[in-house]
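**Q** One structure coming up, written as structure tokens, with questions to follow.
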Amino acid sequence: MTAVAVSPSRTEVVPESSAASTDQANELIAAMAALPAGHPSRPGLRDRTIEAWLPLARHLANRYAGRGEPADDLQQVAVMGLIKAVDRFDAERGIDFAGFAIPTIIGELKRHFRDRTWSIRVPRRLQELRLAITAANNDLTHRLDRSPTVADIAGHLGISEEEVLEGLEGARAYNSTSLSVPVGAEGETTLGDTLGEQDNGFELAELRASLGPALASLDEREQKIISLRFYGNLTQSEIAVRVGISQMHVSRLLTKALAKLRTQIDDTALV
């Protein structure tokens, strides 16, 4: 690590031990803040300032360990928060750097959990509600010496019980379960095997129910042509022989009858 002395004309870098103390880290951020934005020594001083405050970022990242996220990812997020804090710090506000950096780094970590760790995307309102419910549950458990009820949490947060239930339901989206997970004692059936599939039979049943009245709206010859074509599987030439008309006439009548059926079925579906 290095110590930096700033003068009106230049910045001098004096090598020191690799482990900077908090005082030295404060001196670095103060020195960087004293330099104008375009000063040639500012980029190098910025890098050393970030390095000096890395222990703070690592410490805050460790507070969020064990929540399902890799430690390396949390460290990177915390460092990004530290970099933002260094770049945005304004010494003229009268607040020390640690007091500014800690909320900034924690904000980045919380944002990471909010935006990256949910298995299913849910509205931000529900994500924040989940955090509030978790905090309220912990607080009330210690205060009441028992598990709080939905009414307890609602009263503590000043929201309705329906909103608490909505937040608890949304919290289920935080983690997901693989469809390959075995269910039952024998373990031969997976969770995916228990899920229903789309049954096209319902749609066909509805279509058949609509088809009867639609066919009844056709005249006798149109009904016969439809029956021979789609139930008897005859060609238009074979139908022409059966009905005693030309194949071209069969084609026109078939087209006309199908158009009537479509109109009738569509009208029925709209009712």
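**Q** Please tell me if GLY155 is at pLDDT 90 or above and either under 18 Å from LEU131 (Cα atoms) or hydroxyl-bearing (Ser, Thr, Tyr) (or both).
**A** yes
**Q** Consider region 36-51. How many of its residues are over 14 Å from ALA78 (Cα atoms) and in a helix (DSSP H, G or I)?
**A** 8
**Q** Surrounded by 11 or more Cβ atoms within 10 Å (Cβ to Cβ) and within 49 Å of the chain's Cα centre (by Cα): is that true of LYS256 in this structure?
**A** No.
**Q** Let me ask something else. GLY201 - would you say it is part of a loop (DSSP other than H, G, I, E, B) and modelled with pLDDT under 85?
**A** Answer is no for this residue.
**Q** Also, I was wondering about something else. Looking at region 52-80 only, could you name the residues that are within 15 Å of PHE97 (Cα to Cα) and either not aliphatic (A, V, I, L, M) or not in a helix (DSSP H, G or I) (or both)?
**A** Scanning region 52-80 gives TRP53, PRO55.
The values are calculated or read from the model by the stated rules, or taken from the named source; none is laboratory data. Values in this document were obtained by computation on a predicted structure and should not be read as measured data. Positions of Cβ are generated from backbone atoms using ideal geometry, with glycine treated the same way; all protein chains shown enter the neighbour counts.
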